[in-house]
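The next block holds one structure in the form of C-alpha cells; read it before the comments.
The values are calculated or read from the model by the stated rules, or taken from the named source; none is laboratory data. Computed from a predicted model, the values in this text were never measured in an experiment. Because the Cβ atoms are built from the backbone with ideal geometry, glycine has one as well, and the counts that use them run over all protein chains shown. To get the accessible areas, we keep the full protein, side chains included, count just its heavy atoms, and leave off ligands, DNA and RNA. Shrake-Rupley method; radii C 1.70, N 1.55, O 1.52, S 1.80 Å.
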Amino acid sequence: MPVAITRPISPKLAECELTYLDRKPIEIHLAKEQHRVYENALEKMGYTIRLLPKKPDLPDGVFVEDTAVVFPERAIITRPGAESRRPETESMAKVLQDYRDLSFIKAPATLDGGDVFVLGKHIFIGLSKRSNGEAVRQVDEIMRPLGYRVSGIPVRHCLHLKTAVARIEDDLMLINPKWLSPAHFPGIHCEPVHPDEPYGTNVMRRDKFALTTTAFPYTAEWLARRGYDLIVIDQSELAKAEAGLTCSSVIVEDNQI
Ligand code: GLY
C-alpha cells in the first residue's frame, strides 16, 4: 500500500531555517491544523500516513522530504545542508528500513531531498545552498549500478530544485523559467508558471488527483482545465517556513523492485 511518511509539527517551527524569505510570525495552532488538512489530502490521494516520532527540538522536522529520497530499488538517507537539520535523518532511517534497503550520504557531501528531482531513470540534483557536487558524485555511485543517470543543475534563486519545478506527467512539468531553464529538460514540455505565481510549482500529483494550495489560483485553474480532481488546501503558515507541499512528506509508492 502506498505510504506518505510525515512528522508532527515542532512547537519551535517559527525558529526554522530561512534562506530566501524574511521571517514572519507563524501561528503554530493554525500550522498544526493545516498539516492535519495536508495529511487528510494525502489520504484522499490514496496514501496511508505513517507518522515519524515527534521531535519538538527540531524546528524544521516537519519537512521530512529533505531527509530521504525513495526509489523503487532502494532509499537514500540524506545529509541535510543546514547543520540544524542533520538530527532529523535518524528517525527517518529507522522507519524507511521497513520499506527499502538504505544507502547513506556521507560527509563532505550535503544533500536535501528537495533538491532531488527524478524523471524516470534520470536523477537531477540541484546544486543549491544546501546540496553540493560531492552529493551528486555519491548519488551517482549508489544509483548508476541500478541503471540511473545523475546530473547536477545549478539552483541560484530559490531554496531547492523542486521549488522551481514539479512533475505533472512523465512528459509534462510546471516550471518557473526565471529560476530554472527548461533547457535542462529537453524533450519534455515545460509549462511556465503564471508570472503572478512564482511558487506555482507547488503541486503534488497522483493518479487522477492534483493537490495545490489556495495561494496559486492560476495554477489551480490550469490543473482543473487539464481534468484532474483538484484538491486545494491552505498552507499559509508552512509557506512562511519556506516550504512547499512536497516538503512535508516522503512518499513510498508500492513499486518496490
Ligand atoms: N525551512 C525549511 C528549510 O529551510 O529547510
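Key figures
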quantity	calculated
Output for the stretch 126-157, where each listed residue is more than 16 Å from the ligand (Cβ to nearest atom) and of a type in the set (Val, Ile, Thr)	Val136, Val139, Ile142, Val150, Ile153
When residues of the stretch 246-257 are limited to those that are touching a Phe, Trp or Tyr at 6+ places or on another chain (Cβ under 7 Å) and open to solvent by less than 10 Å² (accessible area, probe 1.4 Å), the one farthest from the ligand (Cβ to nearest atom)	Val252
Given (1) open to solvent by 70 Å² or more (accessible area, probe 1.4 Å); (2) modelled with pLDDT of 95 or more, number of the condition Met1 does not satisfy	(2)
Residues that are in contact with a Leu (Cβ under 9 Å, 6 or more places away or on another chain) and without any contact (Cβ under 8 Å) to a residue 40 or more places away in the chain, drawn from the stretch 229-238	Leu230, Val232
Residue within the stretch 114-127 that is touching a Ser or Thr at 6+ places or on another chain (Cβ under 9 Å) and part of a helix (DSSP H, G or I) present	yes
Qualifying position, being surrounded by 15 or more Cβ atoms within 10 Å (Cβ to Cβ), farther than 19 Å from Glu221 by Cα and among the β-branched types (Val, Ile, Thr), among Ile175, Ile188	Ile188
The lone exception for Ser91 - which of (1) within 30 Å of Thr214 (Cβ to Cβ); (2) touching a Pro at 6+ places or on another chain (Cβ under 7 Å); (3) surrounded by 16 or more Cβ atoms within 10 Å (Cβ to Cβ) it fails	(1)
Subset of the stretch 159-175 [out of contact with any Asp or Glu (no Cβ under 9 Å at 6 or more places or on another chain) and outside any helix (DSSP H, G or I)]	Val165, Ala166, Arg167, Glu169, Asp170, Asp171
Filter result (more than 25 Å from Cys16 (Cβ to Cβ) and open to solvent by 40 Å² or more (accessible area, probe 1.4 Å)) within the stretch 123-151	Gly133, Glu134, Arg137, Glu141, Arg144, Pro145, Leu146, Gly147, Arg149
Subset of the stretch 204-227 that is under 17 Å from Gln34 (Cβ atoms) and part of a loop (DSSP other than H, G, I, E, B) - its residue that is most open to solvent (accessible area, probe 1.4 Å)	Thr214
Qualifying residue in the stretch 2-21 (condition: within 16 Å of the ligand (Cβ to nearest atom), under 26 Å from Met143 (Cβ atoms) and assigned to a loop (DSSP other than H, G, I, E, B))	yes
Inter-residue pairs, beta-carbon under 7 Å, first touching a residue at least 24 places away in the same chain (Cβ under 8 Å) and under 14 Å from Ala75 (Cα atoms) and in the stretch 103-123, second buried (at least 24 other Cβ atoms within 10 Å of the Cβ) and of a type in the set (S, T, N, Q), 6+ apart	Ile105/Thr78; Leu111/Thr78; Leu111/Ser131; Asp112/Thr78; Asp112/Ser131; Gly113/Thr67; Gly113/Thr78
